[in-house]
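S.K.: Can you read through this structure? Questions will come right after.
The values are calculated or read from the model by the stated rules, or taken from the named source; none is laboratory data. Just so it is clear, the model here is predicted, and its values are computed rather than measured. Because the Cβ atoms are built from the backbone with ideal geometry, glycine has one as well, and the counts that use them run over all protein chains shown.
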Amino acid sequence: MWFMMPDNNQENVQRNFMKFKTQQMKFDLLKNDKEYLQKFKVAAVDRAYQIWERLLRSFEFYSRQMVWQKLNCIHNNPCNEKWNLAASPEEYRFSSARFYLTGHNEWGISN
């Protein structure tokens, strides 16, 4: 979730964000877990690795209620039976839930 300045185009922001984050993840995996990186290897002309799903859904939030609904969904994802990454949202290290629920700000989150 992000706030876009008026002069920005949603597609460009999303593309640039995903490109940057993909590079960061790839560099981290090259350094720390080359074997796991191979799970993302693809035989494509334009890329060696596919980190993100090709069909990402983007949509605009029209109300504060909608923002909180989606944020709660994101926070509860690691607790979902499919992933089972944490017992509660704030226990999942890479979630902003800890910040919102406890004030612990490990990632420099601003609200």
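Residue-wise test of (1) part of a loop (DSSP other than H, G, I, E, B); (2) within 23 Å of ARG15 (Cα to Cα).
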{"residue": "GLU35", "(1), (2)": "no, no"}
{"residue": "VAL45", "(1), (2)": "yes, yes"}
{"residue": "GLU60", "(1), (2)": "yes, yes"}
{"residue": "GLN65", "(1), (2)": "no, no"}
{"residue": "ILE74", "(1), (2)": "no, yes"}
{"residue": "GLU81", "(1), (2)": "yes, no"}
{"residue": "ALA86", "(1), (2)": "yes, no"}
{"residue": "TYR100", "(1), (2)": "no, no"}
{"residue": "SER110", "(1), (2)": "yes, yes"}
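S.K.: Could you say whether any residue in the range 46-57 is hydrophobic (A, V, I, L, M, F, W, C), within 17 Å of the chain's Cα centre (by Cα) and surrounded by fewer than 10 Cβ atoms within 10 Å (Cβ to Cβ)?
M.R.: yes
S.K.: Among (1) under 23 Å from PHE3 (Cβ atoms); (2) within 18 Å of the chain's Cα centre (by Cα); (3) assigned to a loop (DSSP other than H, G, I, E, B), where does HIS104 come up short?
M.R.: (2)
S.K.: Within the range 1-33, restricting attention to residues that are modelled with pLDDT of 90 or more, charged (D, E, K, R) and part of a helix (DSSP H, G or I), which residue is farthest from LEU71 (Cα to Cα)?
M.R.: Looking at the filtered set, the residue picked out is LYS31.
A quick yes/no check of all residues on (1) touching a residue at least 12 places away in the same chain (Cβ under 8 Å); (2) loosely packed, with under 10 Cβ neighbours inside 10 Å; (3) among the aliphatic types (A, V, I, L, M):
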| position | (1), (2), (3) |
| --- | --- |
| TRP2 | yes, yes, no |
| ASP7 | no, yes, no |
| LYS70 | yes, no, no |
| PRO78 | yes, no, no |
| ALA86 | no, no, yes |
| GLY103 | no, yes, no |
